Amino acid sequence: MDDRRFGQEDSRGNWVPEKPISYGPFFEWPPNPRALLKFFFGFPGYFLPWNVLYAVAALLIWTYLTPPLETLATFSPIWAGMILGRNIVLALLVYGAWHVWLYVWRRQGTQFKYNKQWPKEESGAFLFKNQTYDNMFHTLVSGVPIWTAYEVLLLWAYANQIAPMIEFSTHPVGFIALFFLVPFIHEVGFYFAHRLLHWTPLYEMAHKLHHRNVNPGPWSGLSMHPLEHVIYFSTIALFFLIPSHPVHMINLASRLGLAPAQGHTGFDRVVVGNEASMDTSYYAHYLHHKYFEVNYSDGMVPLDRWFGSFHDGTPEAHEAMKARRMRRSA
Ligand SMILES: [Zn+2]
Ligand SMILES: [Zn+2]
């Protein structure tokens, strides 16, 4: 498949998608019913593949890979350790799969790769002088344990009626509706956490570490300072307030823990077979890594448009970003 059918190379040889980044029709007024139907039921769309995949994964994780509530009611390092082990395995499988496919086997070469350079093997900016090893270290030594700590705390809280819990049998509508709400909680939570991390003292102390990855790969996704992990995963604590079932909390926690892999692949699409391609559409976050001050969120909710930090990839948006910079330094 030829990536020039979908975009072009700029003067520096970077691949730029042809279509500007858009938020989809969810917040458009007046509503466009056809576009909304396509947004929800198209492929890729709101349901397929990712939101359904994460919801099914949460049901499986809760049913087969989480101890029952009776066990969770009494904290024990044994079950907490089991959940840590389960999350480490999930991270290795998901981050590892994206990394091996795109960066070790290089199954599609640099097709659809925004930055045609491969991450440097030797770079003094990274631990072990290697971007991938550095990223794996921060993910597995800090990211997954802090994700697990929030999850363990919430599981214990559900089991002790400290976090408000609902069951499918008593609240079927709320139970299903929460699966629709989790992607929004994820996105809005990420936006505000991320905005906070760009506040200069926090940026210097913590978020700078994530931003060393100017040419990110899948493992860059959760490669953060421990303080950033604490802030990033704190969205999970919202379930102390939202009546829900542990499966919804697991749905959000595993998205926060695993979705950054696909958000940082550095590729616009994954080529499957000869013609079909899977649109990963993470150009917005790629531009965030490139320019820092744009696109704090990426997805369905036009937060960056509302707050004036949107860069849709077009030359006009680029000029607008530069004008904002000039005004700030004037
Ligand atoms: Zn990032
Ligand atoms: Zn950032």
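Coordinate-derived values only; no laboratory data. Keep in mind that what you see is a predicted model, and the values were worked out from it rather than measured. A quick note on method: Cβ atoms are made from the backbone with ideal geometry, for glycine too, and the neighbour counts reach across all protein chains shown.
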Amide N proximity, region 294-330 versus A35 label position 7 Å along Cα-to-Cβ, cut-off under 11 Å: none
Compute the distribution of all C-alpha to C-alpha distances in the chain, in bins of 20 Å from 0, and list the percent of pairs in each, rounded to whole numbers. 29, 59, 11, 0
Relative to the longest principal axis of the chain, what angle (0 to 90°, nearest 10) does the C-alpha long axis of helix 144-159 take? 40
Taking the DSSP beta bridges in the chain as the whole, what percent of them are antiparallel, to the nearest 5? 90
Just round it to a whole percent: the fraction of Cα-Cα distances in region 1-64 exceeding 18 Å. 61
In whole percent, what relative contact order does the chain give with Cα contacts below 8 Å and a gap of six or more residues? 23
Which one, A149, A125, A163, has the greatest fluctuation when you compute a Gaussian network model over the chain with C-alpha springs under 10 angstrom? A125
Could you pull out the GluC sites (Glu not before Pro) across region 1-30 that fall in loop regions by DSSP (anything but H, G, I, E, B) with no more than 14 other Cβ atoms inside 10 Å? E18, E28
Using Cβ contacts closer than 10 Å as the measure, can you line up F168, F267 from fewest to most? F168, F267
Top of G96, G257, G266 by mean-square fluctuation, Gaussian network on the chain, Cα under 10 Å: G96
Cβ-based charge dipole, region 47-302, positive-most Cα from H210, I166, V152: H210
Pairing the Cα long axis of helix 52-64 with the longest principal axis of the chain, what angle in degrees results, from 0 to 90 and rounded to the nearest 10? 30
How fast does region 1-151 diffuse by Stokes-Einstein, in µm²/s, taking the Kirkwood radius from C-alpha pairs at 20 °C and 1.002 mPa s? 109
Name the residue, out of P201, P246, P218, whose mean-square fluctuation peaks in a Gaussian network model built on the chain with Cα pairs under 10 Å. P201
How large is the Kirkwood hydrodynamic radius of region 87-223, counting all unique pairs of alpha carbons, in Å? 17.9
Treating the angle as unsigned and between 0 and 90°, give the value, to the nearest 10°, between the Cα long axis of helix 246-258 and the longest Cα principal axis of the chain. 30
Place +1 on the Cβ of every Lys and Arg and -1 on the Cβ of every Asp and Glu in the chain, take the dipole about the Cα centre, and give the residue among S220, A73, I88 whose Cα lies farthest towards its positive end. S220
